[in-house]
Amino acid sequence: MRKKVVLGMSAFLLSFLMAGCQKDRVEGVYKYVETKGDDSFYTMGIKFRCALIGDIEFRGGKCYVSVQGVQKRMDYDVEGNRIYVKVDGTEEIIEIIDDKTISTAGCIFVKQ
(Lines give C-alpha, C1' and ligand atoms only; values in the text may rest on other atoms or scores of the structure.)
Protein backbone atom coordinates (compact mmCIF):
# COMPACT_ATOMS: atom_id res chain seq x y z
CA MET A 1 0.00 0.00 0.00
CA ARG A 2 2.78 2.39 0.91
CA LYS A 3 4.52 1.75 -2.45
CA LYS A 4 1.33 2.69 -4.30
CA VAL A 5 1.11 5.98 -2.40
CA VAL A 6 4.77 6.75 -3.10
CA LEU A 7 4.34 5.86 -6.78
CA GLY A 8 1.20 7.98 -7.02
CA MET A 9 2.96 10.97 -5.42
CA SER A 10 5.97 10.49 -7.69
CA ALA A 11 3.76 10.44 -10.80
CA PHE A 12 1.95 13.57 -9.60
CA LEU A 13 5.21 15.44 -8.95
CA LEU A 14 6.64 14.34 -12.30
CA SER A 15 3.56 15.56 -14.19
CA PHE A 16 3.69 18.86 -12.27
CA LEU A 17 7.36 19.34 -13.15
CA MET A 18 6.76 18.46 -16.80
CA ALA A 19 3.94 21.01 -17.01
CA GLY A 20 6.32 23.62 -15.61
CA CYS A 21 8.99 22.65 -18.14
CA GLN A 22 6.48 23.01 -20.98
CA LYS A 23 5.73 26.59 -19.90
CA ASP A 24 9.45 27.37 -19.49
CA ARG A 25 9.94 26.24 -23.08
CA VAL A 26 7.93 29.18 -24.46
CA GLU A 27 8.93 31.90 -21.96
CA GLY A 28 10.17 35.08 -23.62
CA VAL A 29 9.12 37.92 -25.91
CA TYR A 30 7.94 37.15 -29.45
CA LYS A 31 7.83 39.93 -32.05
CA TYR A 32 5.69 39.97 -35.19
CA VAL A 33 7.61 39.29 -38.40
CA GLU A 34 6.03 40.44 -41.65
CA THR A 35 5.99 37.63 -44.19
CA LYS A 36 6.51 38.10 -47.91
CA GLY A 37 3.59 37.36 -50.14
CA ASP A 38 0.97 38.93 -52.26
CA ASP A 39 -0.36 42.35 -51.34
CA SER A 40 -4.01 41.55 -51.83
CA PHE A 41 -6.60 43.38 -49.75
CA TYR A 42 -7.07 40.22 -47.63
CA THR A 43 -3.33 39.81 -46.97
CA MET A 44 -2.94 43.50 -46.13
CA GLY A 45 -5.74 43.14 -43.54
CA ILE A 46 -3.97 40.21 -41.89
CA LYS A 47 -0.65 42.09 -41.85
CA PHE A 48 -2.33 45.14 -40.32
CA ARG A 49 -3.98 43.05 -37.60
CA CYS A 50 -0.69 41.27 -36.82
CA ALA A 51 1.17 44.58 -36.65
CA LEU A 52 -1.42 45.84 -34.12
CA ILE A 53 -0.54 42.90 -31.85
CA GLY A 54 3.18 43.55 -32.20
CA ASP A 55 4.54 41.49 -29.29
CA ILE A 56 3.44 38.45 -27.32
CA GLU A 57 5.23 37.80 -24.04
CA PHE A 58 5.15 34.67 -21.90
CA ARG A 59 6.45 35.41 -18.40
CA GLY A 60 5.82 33.88 -14.99
CA GLY A 61 3.09 31.54 -16.24
CA LYS A 62 1.13 34.40 -17.86
CA CYS A 63 0.72 35.60 -21.42
CA TYR A 64 0.92 39.37 -22.04
CA VAL A 65 -0.38 40.97 -25.24
CA SER A 66 -0.76 44.67 -25.97
CA VAL A 67 -3.25 45.65 -28.68
CA GLN A 68 -3.49 49.35 -29.54
CA GLY A 69 -1.88 50.24 -26.22
CA VAL A 70 -4.23 48.12 -24.12
CA GLN A 71 -2.33 45.35 -22.35
CA LYS A 72 -3.99 42.05 -21.42
CA ARG A 73 -2.68 39.42 -19.03
CA MET A 74 -3.96 35.90 -19.61
CA ASP A 75 -3.42 32.39 -18.32
CA TYR A 76 -2.09 29.74 -20.69
CA ASP A 77 -1.20 26.07 -20.89
CA VAL A 78 1.24 24.29 -23.20
CA GLU A 79 0.37 20.87 -24.60
CA GLY A 80 2.66 19.41 -27.22
CA ASN A 81 3.14 22.02 -29.96
CA ARG A 82 0.19 24.18 -28.95
CA ILE A 83 -0.25 27.00 -26.48
CA TYR A 84 -3.82 27.38 -25.20
CA VAL A 85 -4.41 30.98 -24.09
CA LYS A 86 -7.51 31.71 -22.02
CA VAL A 87 -9.12 34.89 -23.39
CA ASP A 88 -12.36 36.25 -21.91
CA GLY A 89 -13.91 32.84 -21.24
CA THR A 90 -12.64 31.22 -24.47
CA GLU A 91 -9.36 29.71 -25.64
CA GLU A 92 -7.11 30.91 -28.42
CA ILE A 93 -4.63 28.43 -29.89
CA ILE A 94 -1.07 29.42 -30.74
CA GLU A 95 0.99 26.91 -32.74
CA ILE A 96 4.62 26.32 -31.77
CA ILE A 97 6.55 26.04 -35.04
CA ASP A 98 10.01 25.61 -33.48
CA ASP A 99 11.96 26.76 -30.39
CA LYS A 100 11.90 30.40 -31.53
CA THR A 101 8.79 30.71 -33.69
CA ILE A 102 5.05 30.71 -32.97
CA SER A 103 2.03 31.33 -35.18
CA THR A 104 -1.53 32.46 -34.57
CA ALA A 105 -4.30 33.75 -36.85
CA GLY A 106 -1.98 33.93 -39.86
CA CYS A 107 0.70 35.88 -37.94
CA ILE A 108 4.28 34.69 -37.37
CA PHE A 109 6.11 35.76 -34.21
CA VAL A 110 9.82 35.17 -33.52
CA LYS A 111 11.44 35.01 -30.06
CA GLN A 112 13.83 37.86 -29.34
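The values are calculated or read from the model by the stated rules, or taken from the named source; none is laboratory data. Bear in mind that the values here come from a model prediction, so they are computed numbers and not experimental data. FYI the Cβ positions are ideal-geometry reconstructions off the backbone, even for glycines, and counts take in every protein chain you see. Side chains are part of the model used for accessible areas, which takes the heavy atoms of the whole protein and leaves out ligands, DNA and RNA. Shrake-Rupley method; radii C 1.70, N 1.55, O 1.52, S 1.80 Å.
One table, with the values for the structure above:
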{"item": "For the stretch 81-95, 3J(HN,Hα) per residue [Karplus equation, 6.51 cos²θ - 1.76 cosθ + 1.60, θ = phi - 60°, Hz, x = Gly/Pro]", "result": "9, 9, 10, 9, 9, 7, 10, 6, x, 10, 10, 9, 10, 10, 8"}
{"item": "Cα-based Lys proximity count in the stretch 16-112, under 12 Å, for pairs eight or more positions apart or on separate chains", "result": "8"}
{"item": "³J(HN,Hα) computed for each position of the stretch 50-60 - Karplus, 6.51 cos²θ - 1.76 cosθ + 1.60, integer Hz, glycine/proline x", "result": "5, 5, 5, 5, x, 10, 10, 10, 10, 8, x"}
{"item": "Whole-percent carbon and sulfur share, accessible surface of the stretch 16-112, 1.4 Å", "result": "56"}
{"item": "Summed side-chain charge close to ARG73 - residues other than ARG73 whose Cβ falls under 11 Å, Lys, Arg +1, Asp, Glu -1", "result": "+2"}
